[in-house]
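Note sheet for the following structure.
The values are calculated or read from the model by the stated rules, or taken from the named source; none is laboratory data. Every value quoted in this text rests on a predicted model; they were computed, and no experiment measured them. All Cβ positions, even for glycine, are placed from backbone atoms using ideal geometry, and neighbour counts span all protein chains on display. Quick note on the areas: whole protein, heavy atoms, side chains included, nothing else; ligands and nucleic acids left out. Shrake-Rupley method; radii C 1.70, N 1.55, O 1.52, S 1.80 Å.
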Amino acid sequence: MTGQQTVSVIGLGKLGSPMVACLAEKGYSVIGVDVNPAFVEQINQGTAPVQEPGLAELLDRNRDRIRATTDYAEAVAGSTATFIIVPTPSEASGGFSIKYVLTAIEQIGQALRHKDEFHLVVITSTVMPGATGGPIREALEAASGKRCGEGFGLCYSPEFIALGNVIHDMLNPDFILVGESDPKAGEMLASIYRNLANHQPPISRMNLVNAELAKISVNTFVTTKISYANMLGEICERIPGADVDVVTNAIGQDSRIGKKYLKGATGYGGPCFPRDNVAFGYLANSIGATAAIAEATDVINRKQAARIVSHLLPRLSAGMKVGILGLAYKPDTGVIEESQGVALAKELLSKGIAVVLYDPLALENTQQALGDQPEYATSALDCVQRADAIVITTPCTEFKQLEPSHFAQVNSSQRKLVLDCWRILDRDQLSPVCEYMALGIGSSAA
């Protein structure tokens, strides 16, 4: 049973800690490893080293099956499989660096020299196609003195998750991607994932390079849908009576298209979508192929903050202050990497426009990024009250609870401007008290 098996997880950050918690929840004994002693201590205390909904509860509930260490050898010796979830930062070229993966591989390989049993090593971090079967395999063989497929198995199996929803996505995947060095390694990993999932998702098993290509292709395709919807939204804004939501709701019913991610709103952001799309273009160019769709997707996405500003500027008078609700790249996370809200704030500040900012989870990270130039509100209501114009850049639950009366301008003949990028508020209720706008809608649309 799973309770008899121990697995180890290298990297206890935004994805590693939730994986530890999910594996333990399903009965595995788990050894977490991180170079950060603070993360190790927090895991051993049953507390969450990163912010993620539901993580603290899972870690606390399963602390008898979880322990953490900075010692790779201890973790490898005490487990049958090791998952590597360390950063693979983007390089200037657009590709991904595997320097942290190789550091972990060196330590794991040294530990495998002293282990007789077959051991599974799983690369979960996103890497460029060719990396797992190339330099990663070579480094593991050199460090361990063993041959891949004989002394150890090697798999590439990235997670398809969204921050703020990591635990749900790990336990309820649409499908599981397994790139395998050999059938034994692939079956070992597939068995772990069958136990981890709440249902029976399809498992796609393939060689290592196909799995690497599949991972980057998924995110590139999804970003294409987002940019397509935003391109369509910009077109709708220039045609009286047009509404991007009406159009996408219709075409999304076609099974060849689907509604998911087909929403004309703000651009995409976060630690995966933007860089995976750029890396896809880099990969194509590096082998003499073309990735025109990926490149166009990225160009469209980078225009979205400027697009929002183009709607605001004609409606702003001198001295007006813009409030931005939503600084994380999505709700339920504090991550601001490639955030549209932060990009909008930078764009407005560069034009000398005062801004006041609010997000329930990302204020601290935003302050570190933008410093004291913007103002920072203490709540969504505080932001609304301090601003003359408000832009809602994420569909956060707290923002949905704002009432029409909150937008009524006191002691002023000029009504507040509200640009609701995700249409989370009721237009009919707000229109009597403020100037309400939405992205992707023509001037005469009903």
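Overview of values
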quantity: Pairs, first closer than 19 Å to Gln304 by Cβ and in a loop (DSSP other than H, G, I, E, B) in the stretch 413-438, second among the acidic types (Asp, Glu) and at pLDDT 95 or above, C-beta under 8 Å, six or more apart; calculated: Arg423/Asp245
quantity: When residues of the stretch 108-134 are limited to those that are without any contact (Cβ under 8 Å) to a residue 40 or more places away in the chain and assigned to a loop (DSSP other than H, G, I, E, B), the one surrounded by the fewest Cβ atoms within 10 Å (Cβ to Cβ); calculated: Asp116
quantity: Answer from Asn277, Asn301, Asn230 - the residue that is of a type outside the set (Asp, Glu), within 30 Å of Cys155 (Cβ to Cβ) and either touching a Phe, Trp or Tyr at 6+ places or on another chain (Cβ under 7 Å) or crowded, with 22+ Cβ neighbours inside 10 Å (or both); calculated: Asn277
quantity: Odd one out for His199 among (1) within 18 Å of the chain's Cα centre (by Cα); (2) modelled with pLDDT under 95; calculated: (1)
quantity: Checking Phe152 against (1) touching a residue at least 40 places away in the same chain (Cβ under 8 Å); (2) in contact with a strand residue (DSSP E or B) (Cβ under 6 Å, 6 or more places away or on another chain); (3) open to solvent by 30 Å² or more (accessible area, probe 1.4 Å); (4) more than 23 Å from Pro18 (Cα to Cα), the condition it does not meet; calculated: (3)
quantity: Long-range neighbours under 9 Å by Cβ, at least six apart or interchain, first residue hydroxyl-bearing (Ser, Thr, Tyr) within the stretch 366-391, second in a loop (DSSP other than H, G, I, E, B) and open to solvent by 30 Å² or more (accessible area, probe 1.4 Å); calculated: Thr366/Ile336; Ser379/Pro360
quantity: Failed item, numbered, when Tyr261 is tested on (1) open to solvent by less than 60 Å² (accessible area, probe 1.4 Å); (2) on the phi > 0 side of the Ramachandran plot; calculated: (1)
quantity: Hits in the stretch 135-149 (condition: open to solvent by 10 Å² or more (accessible area, probe 1.4 Å) and free of Cβ contacts under 8 Å to residues at least 40 places away in the same chain); calculated: Pro135, Glu138, Ala139, Glu141, Ala142, Gly145, Lys146, Arg147, Cys148, Gly149
quantity: Positions within the stretch 34-81 being assigned to a helix (DSSP H, G or I) and either in contact with a His (Cβ under 6 Å, 6 or more places away or on another chain) or open to solvent by less than 20 Å² (accessible area, probe 1.4 Å) (or both), in sequence order; calculated: Val40, Ile43, Leu55, Leu58, Leu59, Ala75, Val76
quantity: Residues that are surrounded by fewer than 20 Cβ atoms within 10 Å (Cβ to Cβ), among the aliphatic types (A, V, I, L, M) and out of contact with any helix residue (DSSP H, G or I) (no Cβ under 6 Å at 6 or more places or on another chain), drawn from the stretch 387-424; calculated: Ala408, Val410
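Yes/no matrix, rows are residues, columns are (1) modelled with pLDDT of 95 or more; (2) farther than 22 Å from His114 by Cα; (3) not polar (S, T, N, Q):
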| position | (1), (2), (3) |
| --- | --- |
| Ser8 | yes, no, no |
| Pro18 | yes, yes, yes |
| Ser29 | yes, no, no |
| Ala38 | yes, yes, yes |
| Tyr72 | yes, no, yes |
